Amino acid sequence: MEEALLSTIVIDCRREAIKKGLKVWFPVKGRSMTPLIRGKDRIAIMDCSINRLKPGDMIIFQREASDRIIAHRIIKIIKENGAHSFITKGDSALNRDRPAILPDMVLGKIIEIQKPCFKIYIDSLPGKILNTFILMLSLSGIVCLGFLF
């Protein structure tokens, strides 16, 4: 079986599990969310209401023409004529993602990060404080913070 086809099948299965309310784990590849999320970490995703997402939340999404799943942070929400779109950015990226992310591209919200030696629960008080701190650093343009974790 081709690797691309197998990847699509796995992604589709994970998408269905998320829609059914299950917590689904994804391995992390890449460095766009450094320093909070790094390669070799795993992230747990849960379904979320589009109306409940807010700036600072980390989501995973998939663009229509791609088989890649991307985990980035929402930095702005645009509401026009009752429709939402999300401006996202990787924490270590200098620029935001273009074009904006539409609701049907969103697979879920990151709720937990599994590091090699510990977990970060994003909705816990320490997780919220850390997440807010990283958001402020990312928006300020300070992106090279490899010493944090």
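No lab work stands behind these numbers, since they all come straight from the coordinates. All values derive from a computational prediction rather than experimental measurement. Cβ atoms come from the backbone with ideal geometry, glycine included; neighbour counts cover every protein chain shown.
Please enumerate the residues belonging to segment 86-131 that are surrounded by 13 or more Cβ atoms within 10 Å (Cβ to Cβ) and of a type in the set (Asp, Glu).
91, 97, 112
For segment 29-52, which positions are of a type in the set (A, V, I, L, M) and under 12 Å from the mean Cα position of the chain (by Cα)?
33, 36, 37, 43, 44, 45, 46
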